[in-house]
Amino acid sequence: MSAIFGEYLIFPQENGPDVELVVNGDEFYARYETVTGYTVVYDDERGFYCYASLINGQFVSTGTPLSKDPPPGLRRHLKETPEVRNEKFRLRHASLRPADPQAAVARMRTLGPNRGLLEGRRTSEGAVRGLTVLVEFADLQSAITVADVEAILNGPNYTANGNFCSVRDYFRLISGGKLDYSNVVVGPIRLSRNQAYYKNQLFVREAMDQVASQLNNAFAQFDSRGEGVIDAINFRCRPWRAERGPVVPGRRRRERVAEVAKGR
């Protein structure tokens, strides 16, 4: 995702209500503040966000939840030292983007004969139908409806919540009308465990077992080339605390429909 600066987003807490925070950063490093400017961190032991203080240039939890007043003397807009930020960025980047020995070779091939694209299966023209799955956890449900998601994915002239257009119109525009990418939205699929369990466990297989039952295994509609491969599949769920954010065309606003997440 691209960096965001000063955007208001909603985050869940394990042992408390959802909170609205101001976010600055990206998926590799981000800083979170209350709407009044106090820096916060998620306290894993307590299960909620707490006001942050600095020790040796690094954020630590004060143990004071956001439902209370900040500790006396606590300054607003705290920032970690560049050294701490760089190390956290490095570790996060390494976990999300592990080193690929073929990456350098692949980059050189982008200017090759395949119209600037890497080798492999390509569905960038024609009518392509994707599958979007709405996922809920045992302990967290969403107010987002199938109609909300269908609108932002497929709607004509969609401008709600500050968006320029729907996903379908976006791909039509950037492809010069060559790609008509629409989505079938299914769900919500209720997973068997709480959100915390899936932080380190993929939920794709569990969710897809339910999708297969719901669609009666009618996946051929998502294979525009008849090759036995689903062209595009996306999952939408509540974001994980401060570690994941939504990616949608256009600007995100406070409305929760802006939490629609595009998987790849």
Filter segment 182-197 for residues that are surrounded by fewer than 19 Cβ atoms within 10 Å (Cβ to Cβ) and either farther than 30 Å from residue 169 by Cβ or not assigned by TED's automatic domain parsing to the domain that holds residue 230 (or both) and give the result.
190, 192, 193, 194, 196, 197
Looking only at segment 13-37, how many residues end up being under 19 Å from residue 61 (Cβ atoms) and in contact with a helix residue (DSSP H, G or I) (Cβ under 7 Å, 6 or more places away or on another chain)?
2
Anything in segment 1-26 that is in contact (Cβ under 8 Å) with a residue 60 or more places away in the chain, in a strand (DSSP E or B) and acidic (Asp, Glu)? List them, or say none.
7, 20
If you go through 92, 168, 107, the only one that is outside the structural domain of residue 215 (by TED's automatic domain parsing), under 30 Å from residue 25 (Cβ atoms) and at pLDDT 80 or above is 92
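Can you name every residue in segment 27-40 that is free of Cβ contacts under 8 Å to residues at least 60 places away in the same chain and either part of a strand (DSSP E or B) or over 17 Å from residue 51 (Cβ atoms) (or both)? Give the derivation first.
Start the filter on segment 27-40 by keeping residues that are free of Cβ contacts under 8 Å to residues at least 60 places away in the same chain, which leaves 31, 33-40.
Hits for segment 27-40 are 31, 33, 39, 40.
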Can you name the condition, by its number, that residue 9 falls short on among (1) buried (at least 16 other Cβ atoms within 10 Å of the Cβ); (2) aliphatic (A, V, I, L, M); (3) over 19 Å from the mean Cα position of the chain (by Cα)?
(3)
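The values are calculated or read from the model by the stated rules, or taken from the named source; none is laboratory data. What you are looking at is a predicted structure, and each value in this text was computed from that prediction instead of being measured. So basically every Cβ, Gly included, is an ideal-geometry build from the backbone, and we count neighbours across all protein chains shown.
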